Amino acid sequence: DGGITQSPKYLFRKEGQNVTLSCEQNLNHDAMYWYRQDPGQGLRLIYYSQIVNDFQKGDIAEGYSVSREKKESFPLTVTSAQKNPTAFYLCASSTRRLAAGTDTQYFGPGTRLTVL
Amino acid sequence: DAKTTQPPSMDCAEGRAANLPCNHSTISGNEYVYWYRQIHSQGPQYIIHGLKNNETNEMASLIITEDRKSSTLILPHATLRDTAVYYCIVRVVTRAGNMLTFGGGTRLMVKP
């Protein structure tokens with residue numbers, strides 16, 4: 001099956017701990033993205049990567065870090081510096097790197113992180 | 001960046017067409033209109049996108065006005081499973097790539 005997987009679906013952590021969320025895709029997409037969603041709100045972009053070994057900050061990158069060592073994987077680390085980490089985290093991927101024509105983003109099922 | 005305005009909520013009777021409006025009066029000539037939907041606690045699902053012409057696929061139709069300042073997503077025969085939040089998004093084109101800016105969306109409730 002082709003698609004984007006995120007694990008785990010639910011994650012609980014104590015305050016002050018770093019936690020890493022997994023995102024894997026087998027769609028051969030170049031670009032990958034991380035979004036955060038708070039209850040009743042739209043999605044906000046945290047980080048994105050257009051190509052392996054390169055990534056850029058989105059609108060709310062503070063307190064987060066990412067890596068892109070493989071095309072298929074784009075893990076997100078929520079650090080203790082993130083003041084309000086409890087949220088629903090969504091990973092997405094798309095085919096194109098640069099602004100040309102259209103590139104549809106496809107989303108994973110999400111990880112709901114709760115910090116106690 | 002072109003912003004979008006959608007009604008916060010709408011109801012639709014099962015089996016009827018659901019028409020979801022979106023205003024994007026500041027859209028630029030090369031910006032596409034995308035529609036996604038999100039069923040509770042799931043990732044957003046791509047529905048359709050368009051630039052100028054009306055588009056149709058197996059899920060929905062997209063009607064874009066001639067001046068491109070607004071659009072309407074049409075679900076021709078809404079079912080209970082179409083209950084979701086629908087996001088109208090204008091795709092922002094940057095030097096680094098293509099970003100989707102999600103607003104609050106329209107919460108569509110399909111009722112029996």
From zero up to wherever the largest Cα-Cα distance of region A:45-93 sits, split into 5 Å bins and tell me the percent of pairs in each.
5, 21, 33, 24, 12, 5
Could you name the lysines in cross-link range of residue A:14, using Cα to Cα under 24 Å and dropping any fewer than eight places away on the same chain?
A:83
Check the straight Cα-Cα distances from residue B:111 and name the aspartates and glutamates below 16 Å, setting aside those fewer than 8 residues away within the same chain.
B:11, B:14, B:82
Express in whole angstrom the spacing between the alpha-carbon centres of region B:1-44 and region A:1-45.
23
At a Cα cut-off below 27 Å, give the lysines reachable from residue B:52, other chains included and same-chain residues fewer than 8 away excluded.
B:3, B:69
Taking every eigenvalue of the Cα gyration tensor of chain A, multiplying by 5 and rooting it, what semi-axes result, largest first, whole Å?
23, 14, 13
Put A:44, B:16, A:112 in order of accessible area, largest first, 1.4 Å probe: what do you get?
B:16, A:44, A:112
Which of the trypsin sites (Lys or Arg not before Pro) found in region B:17-106 are in a DSSP loop and have at most 15 neighbouring Cβ atoms, other than their own, within 10 Å?
B:52, B:69, B:95
Taking Rh as the Kirkwood radius computed over alpha-carbon pairs of the protein assembly as shown and applying Stokes-Einstein at 4 °C with viscosity 1.567 mPa s, one gets a diffusion coefficient in µm² s⁻¹ of 71
I need the fraction of alpha carbon pairs in chain B separated by more than 25 Å, rounded to a whole percent.
17
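The values are calculated or read from the model by the stated rules, or taken from the named source; none is laboratory data. All values reported here derive from a predicted model rather than from experimental measurement. Ideal geometry is used to build each Cβ from the backbone, glycine not excepted, and the neighbour counts take in all protein chains shown. Just so you know, the surface numbers come from the protein's heavy atoms only, side chains and all, with ligands and any DNA or RNA stripped out. Shrake-Rupley method; radii C 1.70, N 1.55, O 1.52, S 1.80 Å.
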